[in-house]
Amino acid sequence: MTTQTAETTTARAAGDQLQLVTFQVGGEEYAVDILAVQEINRMMNLTRVPQSPPEVEGVINLRGKIIPVIDLRRRFGFEGKDKSTESRIVVVEVRGKVVGFIVDRVHEVLRIERAIVEPAPEMVCSIDSDFIEGVGKLEDRLLILLDLGRLFNDKLLGDLHTAGSRAAA
């Protein structure tokens, strides 16, 4: 096999797979593309920002940078829950903005074949299907792939930017 053929095969294989970070919110398992994830942190003190939308939990100071954080439970319309030792803040970049979201628990980094991901049916889980990019059918479980662009729509990103600016002032 020539070097060019090997590179093409490797590129094709990478294009056929998704590498995801999986986590739990409520009783469901979700995933986001690992390329969007900057880091995953244990729960830390959040600074509340007055006049923020209900899903905005506050802001964190991460190595000198103010990062707004939402509670994914509230964003999904679930009841709030006390944070546990397993709760994590997943820091992602969405359309050039760095934001965080709180999950109940992070599971693993997982590679799956793109072919096993199907478009989300209307009633796949208890969240708004607009947030769902697709559903991965694994042997023993369903994995709900979130669309970060729709989850953090322009209005929410604007609210988060405002909260971050207020906190930094």
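Summary table below
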| quantity | calculated |
| --- | --- |
| Cα long-axis angle, helix 3-15 against the chain (0 to 90 degrees, to the nearest 10) | 50 |
| Ellipsoid equivalent to the chain - semi-axes via the Cα gyration tensor, in Å | 30, 19, 14 |
| Under-5 Å amide H pairs with residue 43, H placed in peptide plane, nonlocal only | 89 |
| Efficiency of FRET from Cβ geometry, residue 47 and residue 154, R₀ 30 Å, rounded to 0.05 | 0.80 |
| Angle between the chain longest axis and helix 154-168 axis [Cα atoms, degrees, rounded to 10] | 50 |
| Top of 99, 109, 56 by mean-square fluctuation, Gaussian network on the chain, Cα under 10 Å | 109 |
| At R0 = 35 Å, FRET efficiency that the Cβ-Cβ distance of residue 81 and residue 115 yields, to 0.05 | 0.50 |
| Spatially proximal lysines relative to residue 97 (Cα-Cα < 18 Å; intrachain offsets below 8 disregarded) | 65, 155 |
| Whole-number percent relative contact order across the chain, with pairs defined as alpha carbons under 8 Å at least 6 apart | 26 |
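FYI, it's all coordinate maths here, none of it is from the lab. Not measured: the values here are computed from a predicted model. Virtual Cβ from ideal backbone geometry, glycine too; neighbours counted across all protein chains shown.
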